[in-house]
Amino acid sequence: MATSSFVGVLLVAGAAFIGLSPQFGGKPTKADKQTYAKSGHYQNGEFVNLLPTLQLTEGSMTGILWKFLFKKAPNTSPAGPLPMQPLDSLAITRKTPDMVRVTWFGHSASLVELAGKNILLDPMLGMEMGPVSWLTPNRYNPSLPISAEKLPPIDAVLISHDHYDHLDYQTIRRIKHKVARFYVPLGIGPHLRAWGVAPERITEMNWNDEVQFDGLTVVCTPSRHFSGRGLTNRNSTMWSSWVLKSATKRVFYSGDGGYGPHFRTIGAAQGPFDLALMECGQYDRQWAQIHMMPEQSVQAARDVRAAVMLPVHWAAFTEANHAWDDPIKRATAEAARLGQPITTPRLGGPVTLGASLPRSRWWE
């Protein structure tokens, strides 16, 4: 009886924590769900991929956790902080309207400067991930190239999906006052509203929706992934990739997801791209349909017809059982084999189109 009471207390405490912690985000209204049902990608209360997709292609989650905790691959984290180029707001606001520059902050967080606008992608700029920091991976570096507070005014934030390493509650709280617009896949609006973002600054988009503002076109394009921030809301929000187009330049961001024919479709409809930021890291053969292997990331860059590939989704957190530098070693090797141009900036290092691209092997 004592054991049952203890378990009951834990369950009640867990339910209360999930209900009270703002990290878990908001819940969709009945009207929201009616909108999702019209998207063509929402079935039985969940969003679905274009292709049948398994989150685990083999094994079990228990087995994966056991392997991750007790049978780790060598060098899953670097021996020390990674090389980083510190930035300030002045350094990343010296630009001309025709300049295209991308600054990668680590993992998938990146600032795209296009058509004189600042567009922030998946701004996870926190040191801790999720509501229970001791359960989640630690950031490799003790600081980032720039803090959220020092970012310049942001014209648009684009979110690919609602996982904690892409949609960070603390970062949104710290930047929301300086962001003009949030463009997000269907379902993420309730999270932002719950965190104090004004509804009129949020645009939720279905796959292949596009909006225009101040000379830029933003297109929400498909990816092959999943979503959820808690135990009870799996796939309750959509996941996406993104296309940014000015009058003369095009940039693609893959978001997270497995390889599939959607890349070739996006390339045909929206490409070619001057630069593609491609997921490249946190993979495993046991979840091969929801994250790409590095060789697939390079092929996906070719599929979308990218002139240059910038690998992201690595060099910040260990979320899979592979060496921390395995993604970039394999991606650069495959890019060389296929003749795909690739750029490899340090954290905080700018990639400016039309200038010499960073290609140092700084991880060695």
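Limited to segment 141-192, what total is found for residues that are under 28 Å from His41 (Cα atoms), of a type outside the set (Asp, Glu) and under 18 Å from the mean Cα position of the chain (by Cα)?
Adding up the residues that qualify gives 23.
Pick from segment 201-237 the residues that are in a strand (DSSP E or B) and among the hydrophobic types (A, V, I, L, M, F, W, C): which of them is farthest from the chain's Cα centre (by Cα)? Break it down into steps so the answer makes sense when it comes.
As a first pass, look at segment 201-237 and keep what is in a strand (DSSP E or B): 202-205, 210-213, 216-221.
Restricting the remaining residues to those that are among the hydrophobic types (A, V, I, L, M, F, W, C) gives 202, 205, 211, 213, 216, 218-220.
Values: Ile202: 18, Met205: 16, Val211: 20, Phe213: 22, Leu216: 21, Val218: 16, Val219: 16, Cys220: 14 Å.
Among those that are in a strand (DSSP E or B) and among the hydrophobic types (A, V, I, L, M, F, W, C), it is Phe213.
Check Ser110 against each of (1) within 18 Å of Lys249 (Cβ to Cβ); (2) out of contact with any Phe, Trp or Tyr (no Cβ under 6 Å at 6 or more places or on another chain) and name the one condition it does not meet.
(2)
Would you mind finding the one in Ala300, Ala316, Ala276 that is of a type outside the set (Val, Ile, Thr), open to solvent by less than 10 Å² (accessible area, probe 1.4 Å) and either at pLDDT below 95 or in contact with a Lys or Arg (Cβ under 7 Å, 6 or more places away or on another chain) (or both)? Working first, answer last.
Values: Ala300 fails: either at pLDDT below 95 or in contact with a Lys or Arg (Cβ under 7 Å, 6 or more places away or on another chain) (or both); Ala276 fails: either at pLDDT below 95 or in contact with a Lys or Arg (Cβ under 7 Å, 6 or more places away or on another chain) (or both).
After applying the criteria, what remains is Ala316.
What pairs come up if the first residue lies in segment 164-180 and is over 19 Å from Ser108 (Cβ atoms), the second is assigned to a loop (DSSP other than H, G, I, E, B) and open to solvent by 30 Å² or more (accessible area, probe 1.4 Å), and their beta carbons are under 6 Å apart, counting only those six or more places apart or on different chains?
Final answer for the pair search is Lys178/Pro153.
For Pro131, are the conditions met, namely being in contact (Cβ under 8 Å) with a residue 24 or more places away in the chain, more than 20 Å from Val218 (Cβ to Cβ) and either surrounded by fewer than 16 Cβ atoms within 10 Å (Cβ to Cβ) or hydrophobic (A, V, I, L, M, F, W, C) (or both)?
Details: in contact (Cβ under 8 Å) with a residue 24 or more places away in the chain: yes; more than 20 Å from Val218 (Cβ to Cβ): yes; either surrounded by fewer than 16 Cβ atoms within 10 Å (Cβ to Cβ) or hydrophobic (A, V, I, L, M, F, W, C) (or both): no.
The answer is no for Pro131.
Please state which one of Asp209, Asp214 is out of contact with any helix residue (DSSP H, G or I) (no Cβ under 6 Å at 6 or more places or on another chain) and either of a type in the set (Gly, Ala, Ser) or modelled with pLDDT of 95 or more (or both).
Numbers: Asp214 fails: either of a type in the set (Gly, Ala, Ser) or modelled with pLDDT of 95 or more (or both).
Answer to the check: Asp209.
Looking at Trp363 and the list (1) closer than 20 Å to Ser160 by Cβ; (2) touching an Asp or Glu at 6+ places or on another chain (Cβ under 8 Å), which single condition is not satisfied?
(1)
Give the residues of segment 232-277 that are charged (D, E, K, R) and in contact (Cβ under 8 Å) with a residue 60 or more places away in the chain, sorted by residue number. Walk me through it before giving the result.
The initial filter retains those residues of segment 232-277 that are charged (D, E, K, R), namely 234, 245, 249-250, 256, 264, 274.
Within segment 232-277, Arg234, Lys249, Asp256, Asp274 qualify.
Mind listing just one residue for me: the one in segment 246-258 that is more than 19 Å from the chain's Cα centre (by Cα) and open to solvent by 30 Å² or more (accessible area, probe 1.4 Å) and, of those, nearest to Ile159 (Cα to Cα)? Reasoning before the result, please.
Filtering segment 246-258 for residues more than 19 Å from the chain's Cα centre (by Cα) gives 246-249.
Narrowing the set further to residues that are open to solvent by 30 Å² or more (accessible area, probe 1.4 Å) leaves 247-249.
Values: Ala247: 23, Thr248: 24, Lys249: 21 Å.
So the residue we want is Lys249.
When you scan segment 88-122, how many residues do you find that are of a type in the set (Gly, Ala, Ser) and part of a loop (DSSP other than H, G, I, E, B)? Talk me through it step by step, then tell me what you get.
Taking segment 88-122 first, the residues of a type in the set (Gly, Ala, Ser) are 89, 91, 106, 108-110, 115-116.
So of that shortlist, the ones also part of a loop (DSSP other than H, G, I, E, B) come out as 89, 91, 108, 115-116.
Count: 5.
Quick one: how many residues across segment 81-117 are more than 18 Å from Pro327 (Cα to Cα) and either open to solvent by 10 Å² or more (accessible area, probe 1.4 Å) or touching a Cys at 6+ places or on another chain (Cβ under 9 Å) (or both)?
The total comes to 19.
Hey, can you tell me all the residues within segment 325-351 that are of a type in the set (A, V, I, L, M), under 26 Å from Ala73 (Cβ atoms) and buried (at least 21 other Cβ atoms within 10 Å of the Cβ)?
Selection gives Ile328, Ala331, Ala335, Ile342, Leu347.
How many of the residues in segment 166-182 are open to solvent by 10 Å² or more (accessible area, probe 1.4 Å) and either out of contact with any Asp or Glu (no Cβ under 7 Å at 6 or more places or on another chain) or within 19 Å of Tyr253 (Cα to Cα) (or both)? Spell out the reasoning first.
From segment 166-182, those open to solvent by 10 Å² or more (accessible area, probe 1.4 Å) are 169-170, 173-174, 176-178, 180-181; that's our starting set.
Narrowing the set further to residues that are either out of contact with any Asp or Glu (no Cβ under 7 Å at 6 or more places or on another chain) or within 19 Å of Tyr253 (Cα to Cα) (or both) leaves 169-170, 173, 176-178, 181.
Summing the residues that are open to solvent by 10 Å² or more (accessible area, probe 1.4 Å) and either out of contact with any Asp or Glu (no Cβ under 7 Å at 6 or more places or on another chain) or within 19 Å of Tyr253 (Cα to Cα) (or both) in segment 166-182 gives 7.
Does any residue in segment 21-34 that is touching a residue at least 24 places away in the same chain (Cβ under 8 Å) come within less than 6 Å, Cβ to Cβ, of a residue that is part of a helix (DSSP H, G or I) and of a type in the set (D, E, K, R) six or more places away or on a different chain, and which pairs are these?
Within 6 Å, the pairs are Gly26/Arg193.
Out of everything in segment 123-180 that is small (Gly, Ala, Ser) and part of a loop (DSSP other than H, G, I, E, B), what residue ends up being farthest from Ala194 (Cα to Cα)? Outline the logic, then answer.
First, pick out the residues of segment 123-180 that are small (Gly, Ala, Ser): 126, 130, 133, 143, 147-148, 156, 160, 180.
Pick out the ones that are also part of a loop (DSSP other than H, G, I, E, B) and you get 126, 130, 143, 147, 160.
Numbers: Gly126: 19, Gly130: 16, Ser143: 27, Ser147: 23, Ser160: 18 Å.
Here the residue is Ser143.
Restricting the first residue to segment 336-364 and requiring it to be under 17 Å from Trp324 (Cα atoms), which pairs with a second residue that is aliphatic (A, V, I, L, M) and open to solvent by less than 50 Å² (accessible area, probe 1.4 Å) meet a Cβ separation below 7 Å and a spacing of at least six or different chains?
Thr344/Ile328; Pro345/Val351; Leu347/Leu82; Leu347/Ala315; Trp363/Ile328
The values are calculated or read from the model by the stated rules, or taken from the named source; none is laboratory data. Since we're looking at a predicted model, the values are computed, not measured. Glycine gets a Cβ as well: all are built from the backbone with ideal geometry, and neighbour counts include every protein chain shown. Accessible surface areas use protein heavy atoms only, side chains included; no ligands, DNA or RNA. Shrake-Rupley method; radii C 1.70, N 1.55, O 1.52, S 1.80 Å.
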